[in-house]
Amino acid sequence: MFVADYHTPQQLQDLARDIPQKRLWRRVQALILAKQGRTAADIAQALGCSPRAVKSWVAQYNRGDIAALHERPRSGRPPRLDPREYPRLKQRLDAPPRPEDGVCTLRGLDIRRILEQEFGVRMGLQTVYDLLHRIDYASLMPRPRHEEANPEVQAFFKEIVVEQIDAIAAAHPDQEIRTYFEDEARFGQKGTITRVWARKGSRPRAVRQLRYTSLYVLVAVCMGTGMTSALIMPNLNAGVLNLFLGQMSRELPAGVHAVLIWDGAGYHTSQDLVVPSNISLILLPPYSPELNPVENLWHYIRSHHWSNRAYQDYGALESAAAESLCTVCLDRGKVESICNAEYVRKRA
């Protein structure tokens with residue numbers, strides 16, 4: 001095959017080394033082999049293409065140099081749903097289902113019907129799922145919300161909590177302020193199950209124990225450093241909280257004052273509570289577990305370490321709790337990722 005003398009073989013090899021696109025790189029490789037006197041059939045076998053494609057690439061190069069080998073822009077198939085309609089679709093998906101939907105939650109078939117009836121667009125079910133992924137939607141399990149939770153109070157707390165932390169910092173001008181969240185979890189033989197990978201159409205089995213021995217795990221997480229303080233106890237009361245606060249106080253470095261944010265449980269507000277001098281407390285609004293990022297830590301530990309298992313006795317529970325806490329809580333990067341509270345992050 002005749003190959004125009006735009007480049008020497010060495011120049012073509014230098015060009016090929018700098019080409020990130022595999023399709024263009026293969027075309028330049030075809031030119032290099034053709035320059036070496038290889039036939040179209042040999043080149044096609046070496047590059048995994050057809051002899052006709054090799055001849056076409058050489059002809060394009062002969063007519064217009066390397067630029068002729070670049071792929072032309074392709075407009076592609078226009079989207080079924082105009083991207084300008086995406087905000088309206090997101091608003092429809094974020095709102096609760098309407099009475100005319102006749103369901104408590106929207107599934108793929110319901111969204112397909114909505115697209116057809118309200119947006120005038122007919123799609124196959126898989127195309128609907130592809131659209132949902134394209135606009136960053138996924139099928140997620142909602143977190144429970146207490147019926148008495150007040151979103152306005154929660155929003156107000158997010159606005160003022162940084163001011164509260166700043167006031168505590170002003171009262172301790174010579175100390176570094178670190179913000180912690182604390183929560184407790186019950187872990188016991190009355191187990192939980194979590195998701196597993198299994199064959200489609202099957203109903204996998206997992207152990208769910210129904211016995212009653214249990215313990216309590218207390219954890220405080222620093223928003224700025226990812227450091228944790230944890231305690232495992234057989235019961236939970238104000239005395240246990242005093243032990244935990246004393247342990248946390250001793251673990252704080254010299255010159256550090258901790259702001260500890262937790263919920264308003266009775267043992268958190270007990271008159272028997274003894275708060276160390278290097279810790280200040282802030283109470284979360286009532287019925288607002290979503291404001292406490294340690295709740296995410298419990299979800300992670302249960303789904304990754306505590307579920308689908310049976311425990312013989314209290315000792316087995318204690319060993320499993322200690323092992324999981326060491327595995328997760330000693331990884332500060334993981335803790336920071338799981339326990340992310342943006343509304344205090346700027347102050348932490």
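The values are calculated or read from the model by the stated rules, or taken from the named source; none is laboratory data. Just so you know, these numbers come straight off a predicted model, no measurement behind them. Neighbour counts are summed over all protein chains in view; Cβ atoms, including those assigned to glycine, are modelled from backbone coordinates with ideal geometry. To get the accessible areas, we keep the full protein, side chains included, count just its heavy atoms, and leave off ligands, DNA and RNA. Shrake-Rupley method; radii C 1.70, N 1.55, O 1.52, S 1.80 Å.
Details
- Number of residues in the range 273-288 that are outside any strand (DSSP E or B) and open to solvent by less than 50 Å² (accessible area, probe 1.4 Å) equals 6.
- Residues located in the range 2-27, provided they are among the small types (Gly, Ala, Ser) and not in a helix (DSSP H, G or I): ALA4
- Restricting ALA59, ALA95 to those that are surrounded by 11 or more Cβ atoms within 10 Å (Cβ to Cβ) and without any contact (Cβ under 8 Å) to a residue 12 or more places away in the chain reduces the list to ALA59.
- Matching residues in the range 28-44 - criterion: being surrounded by 13 or more Cβ atoms within 10 Å (Cβ to Cβ) and in a helix (DSSP H, G or I): VAL28, GLN29, ALA30, LEU31, ILE32, LEU33, ALA34, LYS35, ALA40, ASP42, ILE43, ALA44
- Residues that are without any contact (Cβ under 8 Å) to a residue 24 or more places away in the chain, within 22 Å of the chain's Cα centre (by Cα) and surrounded by 13 or more Cβ atoms within 10 Å (Cβ to Cβ), drawn from the range 314-330: SER324, THR327
- Note on the range 186-198: among residues that are among the polar types (S, T, N, Q) and in a loop (DSSP other than H, G, I, E, B), the one that is farthest from LEU140 (Cα to Cα) is THR192.
- Of the strands (runs of 3 or more DSSP E) lying entirely inside the range 199-263, those containing at least 1 residues that are charged (D, E, K, R) and open to solvent by 30 Å² or more (accessible area, probe 1.4 Å) are 210-222.
- Residue match in the range 245-254 (condition: basic (Lys, Arg) and within 30 Å of the chain's Cα centre (by Cα)): no
- TYR311 open to solvent by less than 70 Å² (accessible area, probe 1.4 Å), within 23 Å of ASN235 (Cα to Cα) and of a type outside the set (D, E, K, R): yes
- Of all residues in the range 112-157, exactly one satisfies the criterion of being among the basic types (Lys, Arg) and surrounded by 16 or more Cβ atoms within 10 Å (Cβ to Cβ), namely ARG112.
- Of the listed requirements (1) modelled with pLDDT of 95 or more; (2) open to solvent by 20 Å² or more (accessible area, probe 1.4 Å), THR179 misses just one: (2).
- Criterion (closer than 19 Å to ALA138 by Cβ and not in a loop (DSSP other than H, G, I, E, B)) met by exactly one of ARG84, ARG92: ARG92
- Exactly one residue out of ARG72, ARG63 is assigned to a loop (DSSP other than H, G, I, E, B) and among the basic types (Lys, Arg): that is ARG72.
- Check on ALA16, free of Cβ contacts under 8 Å to residues at least 40 places away in the same chain and over 44 Å from the mean Cα position of the chain (by Cα): no
- Where a residue in the range 23-50 is over 12 Å from VAL3 (Cβ atoms) and its partner, wherever it lies, is open to solvent by 70 Å² or more (accessible area, probe 1.4 Å), with Cβ under 8 Å and at least six apart: ARG23/GLU71; LEU24/HIS70; LEU24/GLU71; THR39/MET1; ALA46/ARG38; LEU47/ARG26; CYS49/ARG26
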